[in-house]
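Visitor: Dumping the structure here so I can ask a few things about it.
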Amino acid sequence: MKLEDFLGENYYYFWSDNWCLDDKKIWFMAGAVDFLFCLDTEAKETCLIDKIPSDNLNAFRQHPRCIKIKDSIICLPDNGKDIWFYHISNGQWTNIPLECPEGIRLAYYHAWYIQKRLYVVSYGTKQIVEIDVEKECIKNYYDFPVINDERLVDAVLIDDCIYVASSFPVNIYKFNCSDKSLKIYKLTEIDDQIQTLCFDGNKFWLSGHCRVIYIWKEDTKAITFLNDIPNEFRIWNFSGQYKNLLNYVEKSEEAPLFVSSVSVNNYVWFIPFQTNEILYVDKDTLEIREFYIKEENQTENDVKKQLLKHKYLLEYIKDDRYLGLFSLKNKWVFEIDCQEMKYRILNYELNPEMLSQIEEHLWIDSVLQIFYQNHSIYEQDGINLKTLLKCVKSKDYKRLLHREKNINTIVGKNIHCFTVTIQNPLIQR
């Protein structure tokens, strides 16, 4: 099992759906595999802390986000079905199983620690989940009164209230974490499929598929439409048809223009989904400008090698000044200084020894999955005796056995060892 299968060619930089800043440390979960990492910003070293002891190590976006609360790193599910707690003091894992209807992606994207409770927005089940972190249990589920296929897309926290936007029809739900009340604002003037929502301290900013940015004020209910998007703002073609690689559109039919929007310093930043430029808007003058990243120009060749079919992942905001983004083209994290208006590529990577450990974890997990599915392993699967015995000794092997108690593993191990001994008499039994 090669790391390139999960991470692409430049696999020294693991992609994640967020970075959790913790003084001189940064915690993050890998997006393609269930590994927890910690980056030491002073030593500029990234260490593999552990893998989540679940049954789907190699599955895509199982627990790609995390948040640190006291002694715990809490790993939140996207495609996963549970919440995992990594306890820093003793290195142990615990978990909370979750209610999840068949075929529903939980998508626990946003979480905040409020009044000794963790509140998480589940975009899949269209709920807010209240979690008692100390007791590690679910306190309650709060349903949004969505209509039919109404899709929740983004959320922000203001004081003790969580504001959640729905795509179409465009609604903003205001959930009060103190009294658990819910208020609905209907933005019927917006004829668009909304994707992003952010708050600048005074106004809400929204964007969707159309070449428009929307500004909404809660007190007056007034909506401002910003239409003067720069003409050079185009969309890269990620569909596989590369005749027109970069296109001008008034409305994107396939994907939103931006993957996220955030308020940093004196500007609101709009991070591209498949578009060619990062935009930032002055909060006072409403002037729209482009932030150019020279390394981000696409070619037909590198579009084909894209890990995911979009441009960036938003990793962090720091000190109301710095904005961290993962480039899915270059597979590195770069940081924008939103005050000096410059950027730098962050120097962090895994050392070769750490990469070998990760590769071994992936290989062992693949072997165990073959065994769990087939109840047998054949030598033509490319598994030698050394690897097989290493799998047998691993704690994951014992965990999988509890799921199928009728498998007689001792017999299989003895037969394999006996056969190898007969074939090579020099091997001591």
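Visitor: Hey, among the residues in the range 196-213 that are open to solvent by less than 10 Å² (accessible area, probe 1.4 Å) and in contact with a strand residue (DSSP E or B) (Cβ under 7 Å, 6 or more places away or on another chain), which one's farthest from A165 (Cα to Cα)?
Guide: Filtering the range 196-213 for residues that are open to solvent by less than 10 Å² (accessible area, probe 1.4 Å) and in contact with a strand residue (DSSP E or B) (Cβ under 7 Å, 6 or more places away or on another chain), the one farthest from A165 (Cα to Cα) comes out as I213.
Visitor: Could you run through the range 14-41 and say how many residues are open to solvent by 50 Å² or more (accessible area, probe 1.4 Å) and either at pLDDT below 85 or in contact with a Cys (Cβ under 6 Å, 6 or more places away or on another chain) (or both)?
Guide: Adding up the residues that qualify gives 1.
Visitor: Then there is this: Answer yes or no: is there a residue in the range 233-250 that is part of a strand (DSSP E or B) and within 19 Å of I336 (Cβ to Cβ).
Guide: Scanning the range 233-250, I find no residue that is part of a strand (DSSP E or B) and within 19 Å of I336 (Cβ to Cβ), so the answer is no.
Visitor: Condition test on L226, is it crowded, with 21+ Cβ neighbours inside 10 Å and either at pLDDT 90 or above or at positive phi (or both)?
Guide: Against the criterion (crowded, with 21+ Cβ neighbours inside 10 Å and either at pLDDT 90 or above or at positive phi (or both)), L226 does not qualify.
Visitor: Another one. Please go through the range 275-314 and pick out each residue that is buried (at least 19 other Cβ atoms within 10 Å of the Cβ), in a loop (DSSP other than H, G, I, E, B) and among the aliphatic types (A, V, I, L, M).
Guide: I293, L307, listed by residue number.
Visitor: Open to solvent by 30 Å² or more (accessible area, probe 1.4 Å) and over 22 Å from the mean Cα position of the chain (by Cα): which single residue out of K329, K342 fits that description?
Guide: Every option except K342 fails the conditions.
The values are calculated or read from the model by the stated rules, or taken from the named source; none is laboratory data. Keep in mind the model is a prediction, meaning the values are calculated, not measured. In this analysis, Cβ positions are derived from the backbone assuming ideal geometry, glycine residues included, and neighbour counts consider all displayed protein chains. In case anyone asks, the SASA skips ligands and DNA or RNA and just uses the protein heavy atoms, side chains included. Shrake-Rupley method; radii C 1.70, N 1.55, O 1.52, S 1.80 Å.
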